[in-house]
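The values are calculated or read from the model by the stated rules, or taken from the named source; none is laboratory data. This structure is a prediction, so every number in the text was calculated from the model and none was measured. FYI the Cβ positions are ideal-geometry reconstructions off the backbone, even for glycines, and counts take in every protein chain you see. We work out accessible area using only protein heavy atoms, side chains counted, and drop any ligands, DNA or RNA first. Shrake-Rupley method; radii C 1.70, N 1.55, O 1.52, S 1.80 Å.
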Amino acid sequence: METSSTDTGTTGLGVPPGAGRAPRTAVILAILTMHTLSLSAAPPVAPDKPPREGPVGYTISFDNAVHHEAEVTVLFRDVNRDTLEVRMSVSSPGRYGRMDFSRNVYNFRAVDGRGRELAVTRPDPHQWNVAGHDGTVEIRYTLYGDYGNGTFTGIDASHAHLNMPATFAWARGMESRPVEIEFKIPHGSGWKIATQLFGTHHPRMFTAPELQYFMDSPTEISDFTLRTWEVKDRDSTYTFRLALHHKGSEAEAEAFASMCRRVVEEEWTVFGEFPRFDNGTYTFIVDYLPWIAGDGMEHRNSTFILSTRPLKTDAVGHLGTVTHEFFHAWNVERMRPRSLEPFDFERSNMSAELWFAEGFTNYYSRLLRMRAGIFGIDRFVSSLGGNLDGVVRAPGRNYFSAEGMSAKAALTDGAQFPDRMNWANTFLSYYSFGDAIATALDLTLRGRGNGSGGAEPLSLDGFMERVWITHGRTGTPYTNDDLRMLLGEYAGKEFAEDFFRRYIGGHEAADYRQLLESAGLLYRMKDSGKTSFGPGTVGFHDDRVVMESGTVETSAWYRAGLDRFDTVLTIAGGKVASQADLDSLFGKHKPGQTVDIEYVQRGVHRTGRITFIEEPAMEVVTFEKAGLPVTEGMLSFRREWLGSRNPAATPLVKYCPSCQREYDFGYEYCHYDGAELKVTRESDHE
């Protein structure tokens, strides 16, 4: 893989006209035409003339951006239904819960091709019916957008951050038509346009082959900084663009672009090739601003990445989202669950495969940052241990399998409900769940040696490449059964059946202690022997302990019968007025001891007994840190697992802001003066 980079300053355009592969609709039409010609031996029969189907045309302007409003016009040509059914989406690609975007639409009106006002009716909160037209309908509405993240739209004096389903209405029956859009930029704003939409010869006009692609094309319009680099892969050259809207320096932007480039290079090694980006371009659309909402959202040829934290303090931390979202270019956008294909904008989209689509992506986000040298072994194992601890100890794992937790995304991923739910006991994020399963599968495969027929050593990398070749490269959606069968082909049918039965469809947790020992890593109690009451959120009000959340089944609080809003009067005969009092109480007792507890529950004075438990939190540390001997076999296993697959990549460096010495990127502090290392040469005094 060869790379080259270009500093393009602040020039930004969409995808050039004719760039990359032809739109999917054009390819399909070409194939159909060739097939028709090959069947021309019989005398031709004049076909019925197909109805005209002109493109859907959009225009959006931002004259009142300071008050978060946009004016949207949509032109529907060649309408072939008596009643045009115009919809705002209920859901958005990459988000699985209901969003109900129509709530931010008002001033809706419609006219026909002669400018006559048309009657509009509302059959439901998400739809406008327009009848009495002459084959042309133009609708106009005002959109309010004041929550810029991966799902919603944010408009203000600094930018227009557009998630398409949250912004643009569409019409039933016209989903397959091409789309044209013009972005009208406020005069004197200096705004530019970053998008995966196809460019035209007009700098503010773009196209999409059909509605699905249009809705999957987030757009940032602002005075962003642009960095680009090119990568040669197989017979193609891909352009990567970082459209960065932030308040930081050019040096920070340059350093962050280098960091993103290093991550891109390392992610390539898992699959051995980049996806065939539809337009030859992939765009990181990034907003690091204090007035937006943090998020990351994958799309086919681009991603939205947002945070309130600036590059100056959190550049390294931001790479977690960058790595995760770019890995989705393979896993989710092309290795796609059948349950999400095609995406339905009129309902929540439920999928039982998110443990793989999101969870395995989460695992690789951590692993690839380690391989790329973004952080060292101690930070890697700390993050790994935190995830395993949360999964292994989660009571929700007893209620739902990884498949079941994935299906719950429609109720948890951004969905809003006013009533309280028992998530602390019944839910475990499919991100974390799948991450832990990926850890178990990778370590187990590596411990099994070579694959069938003496092939290369088994690993999760090898399995992911197999899934890519079978489902990603071909564009064939998969099911959980497909993944199970592929794992069987790769590592043995009996192994795959057992693994899926226990960890994907079942409720077991792998033996991480044994698996991690192969790499010289220790899975252990974090605070062995320490007394506690276990997990739970408590507060202190009026010198008393108050249960601030529902209690967790594995905690002493739950077992003693306490729950949300209960107020503790005394424990072991004494008042507990602060965290210091609670810690003192723990210091005086050992796990297994039982004492009296006095509390008020729903206005009723109660007494009971509570038993101290051992602090259950687990962690992962290196054998070196634990003072245990490390064998050469362990170090070899660790190198094969965590070492870079791209040794030719340009190494990243950090700088001491005091003495300006350079360090490998994995270091955090200067060895000479103890200063925290920075990603730019800027000194503390700048």
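Numbers for the structure displayed
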read-out: Hits in the stretch 491-531 (condition: in contact with a Pro (Cβ under 8 Å, 6 or more places away or on another chain) and among the polar types (S, T, N, Q)); value: THR531
read-out: Set GLY373, GLY294, GLY386: member being open to solvent by 10 Å² or more (accessible area, probe 1.4 Å) and under 17 Å from VAL264 (Cα atoms); value: GLY373
read-out: Candidates SER532, SER518 - the one that is more than 19 Å from PHE356 (Cα to Cα) and touching a strand residue (DSSP E or B) at 6+ places or on another chain (Cβ under 7 Å); value: SER532
read-out: Helices (runs of 4 or more DSSP H) fully within the stretch 441-545 counting 1 or more residues that are farther than 30 Å from PHE586 by Cβ, open to solvent by 10 Å² or more (accessible area, probe 1.4 Å) and without any contact (Cβ under 8 Å) to a residue 12 or more places away in the chain; value: 480-491, 493-499, 512-517
read-out: Flag for LEU162 being of a type in the set (A, V, I, L, M), closer than 26 Å to SER302 by Cβ and at pLDDT 95 or above; value: yes
read-out: Filter result for GLY9 (modelled with pLDDT of 90 or more and within 30 Å of TRP268 (Cα to Cα)); value: no
read-out: Residue count for the stretch 401-438, restricted to those that are over 19 Å from SER92 (Cα atoms) and among the hydrophobic types (A, V, I, L, M, F, W, C); value: 11
read-out: Test result for ALA580, small (Gly, Ala, Ser), on the phi < 0 side of the Ramachandran plot and buried (at least 19 other Cβ atoms within 10 Å of the Cβ); value: no
read-out: Criterion (surrounded by 14 or more Cβ atoms within 10 Å (Cβ to Cβ), more than 30 Å from HIS324 (Cβ to Cβ), of a type outside the set (Ser, Thr, Tyr) and touching a residue at least 24 places away in the same chain (Cβ under 8 Å)) met by exactly one of VAL66, VAL72; value: VAL72
read-out: Filter result for ASP389 (within 19 Å of GLY506 (Cα to Cα) and charged (D, E, K, R)); value: yes
read-out: First in the stretch 562-579 and within 18 Å of PRO535 (Cβ to Cβ), second anywhere and assigned to a loop (DSSP other than H, G, I, E, B) and hydroxyl-bearing (Ser, Thr, Tyr), Cβ under 8 Å, 6 or more apart; value: LEU562/THR551; ASP563/THR551; ARG564/SER549; ARG564/THR551
read-out: Among (1) open to solvent by less than 20 Å² (accessible area, probe 1.4 Å); (2) of a type in the set (Ser, Thr, Tyr); (3) free of Cβ contacts under 8 Å to residues at least 60 places away in the same chain, the one test that SER236 misses; value: (1)
read-out: Residue under evaluation THR680, criteria (1) loosely packed, with under 12 Cβ neighbours inside 10 Å; (2) within 18 Å of GLU254 (Cα to Cα), criterion not met; value: (1)
read-out: Positions within the stretch 645-667 being open to solvent by 40 Å² or more (accessible area, probe 1.4 Å), over 30 Å from the mean Cα position of the chain (by Cα) and hydrophobic (A, V, I, L, M, F, W, C), in sequence order; value: CYS659
read-out: Residues being out of contact with any Phe, Trp or Tyr (no Cβ under 8 Å at 6 or more places or on another chain) and open to solvent by less than 10 Å² (accessible area, probe 1.4 Å) - total across the stretch 344-366; value: 4
read-out: Long-range neighbours under 6 Å by Cβ, at least six apart or interchain, first residue open to solvent by 30 Å² or more (accessible area, probe 1.4 Å) within the stretch 633-644, second in a helix (DSSP H, G or I); value: SER644/ARG371
read-out: Qualifying positions in the stretch 127-148 - within 23 Å of ALA160 (Cα to Cα), open to solvent by less than 70 Å² (accessible area, probe 1.4 Å) and assigned to a loop (DSSP other than H, G, I, E, B); value: GLY145, GLY148
read-out: Residue in the stretch 198-211 that is aliphatic (A, V, I, L, M), over 24 Å from the mean Cα position of the chain (by Cα), farther than 30 Å from TYR363 by Cα and assigned to a strand (DSSP E or B) present; value: yes
read-out: Residue list for the stretch 155-164, restricted to those being open to solvent by less than 10 Å² (accessible area, probe 1.4 Å) and not small (Gly, Ala, Ser); value: ILE155, HIS159, HIS161, LEU162, ASN163, MET164
read-out: Whichever residue in the stretch 99-122 is free of Cβ contacts under 8 Å to residues at least 12 places away in the same chain and part of a strand (DSSP E or B) and, among such residues, is farthest from PHE168 (Cα to Cα); value: GLU117
read-out: Leading residue by the ranking (farthest from the chain's Cα centre (by Cα)) among those in the stretch 165-176 that are on the phi < 0 side of the Ramachandran plot and surrounded by fewer than 20 Cβ atoms within 10 Å (Cβ to Cβ); value: ARG172
read-out: Subset of the stretch 334-343 (residues that are open to solvent by 10 Å² or more (accessible area, probe 1.4 Å), more than 18 Å from ARG466 (Cβ to Cβ) and either part of a helix (DSSP H, G or I) or touching a His at 6+ places or on another chain (Cβ under 7 Å) (or both)); value: SER339
read-out: Where LEU411 falls short, out of the listed (1) open to solvent by 50 Å² or more (accessible area, probe 1.4 Å); (2) under 19 Å from GLY506 (Cβ atoms); value: (2)
read-out: Any hit, the stretch 307-317, residues being crowded, with 18+ Cβ neighbours inside 10 Å, without any contact (Cβ under 8 Å) to a residue 40 or more places away in the chain and under 16 Å from the mean Cα position of the chain (by Cα); value: yes
read-out: Residue satisfying all of: in the stretch 47-63; open to solvent by 100 Å² or more (accessible area, probe 1.4 Å) and modelled with pLDDT under 95; nearest to PRO209 (Cα to Cα) among these; value: ARG52
read-out: Selection status of GLY154, over 37 Å from the mean Cα position of the chain (by Cα) and either within 30 Å of ILE305 (Cα to Cα) or free of Cβ contacts under 8 Å to residues at least 12 places away in the same chain (or both); value: no
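For (1) closer than 30 Å to LEU569 by Cα; (2) β-branched (Val, Ile, Thr), each residue gets a yes or a no:
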| site | (1), (2) |
| --- | --- |
| GLN601 | yes, no |
| VAL604 | yes, yes |
| LYS625 | no, no |
| VAL630 | no, yes |
| LEU635 | no, no |
| ARG639 | no, no |
